[in-house]
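No value in this document is a laboratory result; all are computed from the given coordinates. Please read these numbers as outputs of a predicted model, since none were measured by experiment. FYI the Cβ positions are ideal-geometry reconstructions off the backbone, even for glycines, and counts take in every protein chain you see.
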Amino acid sequence: MIKNYFDFAATTPLDPRLVEIWKEYSALPLNPSSIHQSGQKARRLLETARERIAEALDADAPSDILFTSGATESANLALRGLVQMTSEKKRVVTSALEHSCISETLEALEKEKLIEVTEFSLTESGFIEYPQHHVGADIFCLMHANNETGTIQNTQRAKAFRDESKSLWVCDVSQSIGKLPVSLKAIDADLFLISAHKFYGPPGIGCLAGPGLKKLRPQIVGGPQEDNRRAGTQAVALALCFAEALEFAQKELHERTLKLDKLEAIFLDELKNNSVPFLRNGETPRLPGFINLSFQDREGVDLVIALDQMGFQVSPGSACSTGVVAVSPVLAAMFPSDELRAAGGLRVTLSHHTTEDEVIQLAQAITKILTPSPSKFGSTH
Ligand code: PLP
């Protein structure tokens, strides 16, 4: 396993137990649309993967799983697919919590004059704030667990809002799978976004899931695959690795959580013992192994660069929005009048493979950066 990597919310390495599956099936000519024997075999394997995923996620039926390249494609298909079903302008409710795959798709649809967007505010603790008055909506975007602070939204409350507003609920569960017991039936959203590389599966595969699949207009056309809902030859070997990673994640959830909780406590204790002042962003309920901190007078980006030079890989916020370093929209919405705190966010996300030694060393490296060394010229007084 890679050492001193603390950015498992951005992506996880492939579980080494999947390498054999990948080797075996990626070496075969598997096109599920071909009618010869290899094609029939491919179809059987693909449908088995779909059944296993449906079972592991507690979906209503395998037909509620539509393979995509990941959560971003799923978000585009869900939002564009729902909006384009009929010609009326749709009302969408969202918040700053959403990942750019949702927020930027909504921005594009708004520019195309296909939707009007209402944004609910966030509490300082990192939860969506519902207004007192009735709000009607066609589409409601609320993720399960946030990718910057790890806060877990109340799904019962979200369901009540979906019912009151008579909307369709698009729920991004990319961060919660593998870290929480996720049952699609229990959450009861209309559409779910999932990416396999967030739980030690391969990148490039995921799904859009849920009963709302029947209400979508296809976005990628040019073939009959996925029941005419997403054209293009399916990646059978990737789908098998996706199913396997998901089963491991569900089976090992309890022990992984215990380990993550322990590592998190060791890391925070080490910072406290070293008298490093910090504020934790995002309150409980929160994903295990998910730590977002703001440090006094230090921008998160500066810390990320300094830590990287010392060999520690962390994130200033959402990895998908780096490259362009901007203040996190999630922290900015949580702390609208505290720019320093919003700019100070440093995200440390752990794995069950992370060692105690690694988290202690990370805390020590942060301490070293934040504790000014005494001047060699001594005091001027
Ligand atoms: N949704 C959330 C909450 C994420 O954290 C990410 C990735 O960072 C995505 C969606 C996008 O996933 P992908 O890049 O696999 O499409």
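Some observations on this one:
- Between ASP172 and LEU142, MET143, HIS144, LEU193, the built amide H atoms are under 5 Å apart, and every one of these is 5 or more places off in sequence or on another chain.
- Here the Gaussian network model covers the chain, with springs between Cα atoms less than 10 Å apart; of PRO62, PRO316, PRO131, PRO131 fluctuates the most.
- Taking only Cα atoms of the chain, radius of gyration then Dmax in Å: 22.0, 88
- Residue exposure proxy: HIS134, HIS352, ordered by other Cβ atoms within 10 angstrom of their Cβ from fewest to most, comes out as HIS134, HIS352.
- Per residue, the chain reaches -11500 deg cm²/dmol at 222 nm when only DSSP H runs of four or more residues are counted, each adding -39500 (n - 2.57).
- For segment 23-102 versus segment 259-311, the gap between their alpha-carbon centres in whole angstrom: 35 Å
- Summing Lys and Arg as +1 and Asp and Glu as -1 over all other residues whose Cβ lies under 10 Å from the Cβ of PRO62 gives a net charge of -3.
- Each residue in HIS99, HIS197, HIS36 was given a count of other beta-carbon atoms within 10 angstrom of its own, and listing them fewest first yields HIS36, HIS197, HIS99.
- Residues TRP169, TRP22, sorted so that the one with the fewest Cβ neighbours within 10 Å comes first: TRP22, TRP169
- Mean Cβ neighbour count within 10 Å, used as a protection proxy, ranking 219-225, 52-58 highest first: 52-58, 219-225
- DSSP bridge pairs, the chain: antiparallel proportion in percent, nearest 5: 55 percent
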